[in-house]
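Notes follow the structure.
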Amino acid sequence: MNFVSLIFPFFLIIVFALYWHLKTQTQRNLLLLIASYIFYGWWDARFCILILASSLLDFFIGLNLKTNQNPKQRRYLLGASLLFNLGMLGLFKYFNFFVDNLINVFASFGVNLNSPSLYIILPVGISFYTFQTLSYTLDIYRGKLEPTHSLLEFLTFVSFFPQLVAGPIERATHLLPQFAVQQSFDYRKARLGCQLILWGLFKKVAIADPLGAQFVNPVYNQIHTATGAEIVLATVAFAFQIYGDFSGYSSIAIGTAKLFNIDLCQNFNKPYLSPNINEFWRRWHISLYEWFKDYVYIPLGGSRGTMLQGMRNIVITFGLSGLWHGARWTFVCWGILNGLALIPQFVVQYWQRRRGFKGKISAREVRFLPPFVGQVLGILITFSFVCLTWIFFRAESLSQAIQALGVIVQSFAYPSQWLQDGYGLIVRGDTRSNFISLACLFILLVCEVCDEYWPQLKGRIFNTPFKLHWLIYSLGFWIILVQTRVISSDFIYFQF
């Protein structure tokens, strides 16, 4: 089931009403479990078998990890969890990718092999819930978490429908205990949840979908005939498309969970206002960044060891993060590029530690520009680099990404053509819808900037005596209805 489908509002209202009608938390958890499997099985009921198998395996492995004190047997138990979850992920998501690349390697040596490629349907959200169950067994193995003895609570934790198919990737230490306590209805939290749902729908329906349909897809689907200016503008549009799409999903998920008095972790924190790439990754897809940091980067050695080992750990972690997004070399390159961009600050911090420097160098010591100018310049440089890497993320192949970069470089020889090509892209197709989409994007940017630098402004607006916020809600709802007629598509991260 899709958050932006016509059936979802009715589904949510029914589940919400039944949830608060039931008296005990056990009954409510059972309702959430049934609702979550209906929600997930709406795409294909066979997918439910996979998530149930993963959940049951990790639940019983978690119990055995706690009671079994034999180090060797504990490693076998953890290995079984890793083998099943990563093996399932590898089969459904990466089998054909690795087989095709292996065949290409042999072909380069003159050995031709028959391809055993399989037609496999990728289960929606498999990358998310496998990481969620893996973190459970890993935390128990490390002694950071006590396993739950309630199978119902654990199954509900894994399959909780608001965040099941596209995150946030929750940790058991945060989400699981919330299903073990008796919840009571919180009007303020429910109101905030409705606000987040409306805001998420605005980002998805009024910004992400139209930008993709009107600016991104027409250019990237015909990349061989596009000009440099068109590719640059389409890439910038894609940056906001994927942000509106994914952060929109996260807002709807967090808001929906609040209707049941459940708190999910923050997944985005205005990432495009980051003054450097390190901060960008502390603000973008936060739950995935923290997962890879805790379960890949730190076990590899983190920043311990030599400088070269630390640099290696960063590149490996981000390379695997790129591969997590999809079975294409474009995703791997996207991840590696972001990893390489993190190395300069790592090197600086490494030498600071070597020289015994404690704390951070204050901004005043290294600043050579006025604070405001330096902040804006840092944001623009970071955003430009992020857009550069988005080319690899959006392109269908490495050759297409390299071709796009080549066209952009060549276009700098004809600066006068940029305005004409840019204007042509904006007025292409339905001009009215294009300008509405750009106006919605402007609203998003204004809201993000105000929330970042003047956070008290939001409280003043929503506490005005003449109920200005109801006008804002009505306007947002009207824009969503208008933009829904443009195009509606699945969330981008459903494919991951």
On the basis of being out of contact with any Cys (no Cβ under 9 Å at 6 or more places or on another chain) and assigned by TED's automatic domain parsing to the domain that holds D451, does L300 make the cut? no
Every residue in the range 28-37 that is touching a residue at least 12 places away in the same chain (Cβ under 8 Å) and either in contact with a Ser or Thr (Cβ under 8 Å, 6 or more places away or on another chain) or among the hydrophobic types (A, V, I, L, M, F, W, C) (or both), please. N29, L30, L31, L32, L33, A35, S36, Y37
Looking at the range 224-231, can you tell me whether even one residue there is under 30 Å from R428 (Cα atoms), polar (S, T, N, Q) and surrounded by fewer than 18 Cβ atoms within 10 Å (Cβ to Cβ)? yes
Considering each residue of the range 133-186, count those that are among the polar types (S, T, N, Q) and assigned to a loop (DSSP other than H, G, I, E, B), and give that number. 5
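State yes or no: is E230 acidic (D, E), assigned to a helix (DSSP H, G or I) and either within 17 Å of the chain's Cα centre (by Cα) or closer than 22 Å to G200 by Cβ (or both)? Break it down stepwise before answering.
Details: acidic (D, E): yes; assigned to a helix (DSSP H, G or I): yes; either within 17 Å of the chain's Cα centre (by Cα) or closer than 22 Å to G200 by Cβ (or both): no.
Against the criterion (acidic (D, E), assigned to a helix (DSSP H, G or I) and either within 17 Å of the chain's Cα centre (by Cα) or closer than 22 Å to G200 by Cβ (or both)), E230 does not qualify.
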The one condition in (1) surrounded by 15 or more Cβ atoms within 10 Å (Cβ to Cβ); (2) within 31 Å of the chain's Cα centre (by Cα); (3) of a type in the set (D, E, K, R) that D100 fails to fulfil: (1)
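Yes/no per residue for (1) closer than 26 Å to E146 by Cβ; (2) in a helix (DSSP H, G or I); (3) touching an Asp or Glu at 6+ places or on another chain (Cβ under 7 Å):
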{"site": "S5", "(1), (2), (3)": "no, no, no"}
{"site": "F11", "(1), (2), (3)": "no, yes, no"}
{"site": "I14", "(1), (2), (3)": "no, yes, no"}
{"site": "Y19", "(1), (2), (3)": "no, yes, no"}
{"site": "I34", "(1), (2), (3)": "no, yes, no"}
{"site": "S54", "(1), (2), (3)": "yes, yes, no"}
{"site": "F60", "(1), (2), (3)": "yes, yes, no"}
Residues of the range 389-406 satisfying the condition of being in a helix (DSSP H, G or I), surrounded by 15 or more Cβ atoms within 10 Å (Cβ to Cβ) and either touching a strand residue (DSSP E or B) at 6+ places or on another chain (Cβ under 6 Å) or touching a residue at least 40 places away in the same chain (Cβ under 8 Å) (or both): T389, W390, I391, F392, F393, R394, Q400, A401, Q403, A404
Filtering the range 299-331 down to residues that are part of a helix (DSSP H, G or I), β-branched (V, I, T) and within 21 Å of P344 (Cβ to Cβ) yields I314, V315, I316, T317
Checking the structure you have, find out if any residue of the range 87-94 is part of a helix (DSSP H, G or I), at pLDDT 90 or above and either aliphatic (A, V, I, L, M) or within 21 Å of H149 (Cα to Cα) (or both). no
Taking first residues from the range 178-190 that are within 11 Å of T26 (Cα to Cα) and second residues anywhere that are aromatic (F, W, Y) and part of a loop (DSSP other than H, G, I, E, B), the pairs with Cβ under 9 Å that are 6 or more apart or on different chains are F179/F160; Q183/F260
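Condition test on S303, is it within 27 Å of L175 (Cβ to Cβ) and small (G, A, S)? Lay out the reasoning, then the answer.
Numbers: within 27 Å of L175 (Cβ to Cβ): no; small (G, A, S): yes.
Spelling it out, it is not the case that S303 is within 27 Å of L175 (Cβ to Cβ) and small (G, A, S).
The values are calculated or read from the model by the stated rules, or taken from the named source; none is laboratory data. Quick caveat: nothing in here was measured; it's all calculated off a predicted structure. In this analysis, Cβ positions are derived from the backbone assuming ideal geometry, glycine residues included, and neighbour counts consider all displayed protein chains.
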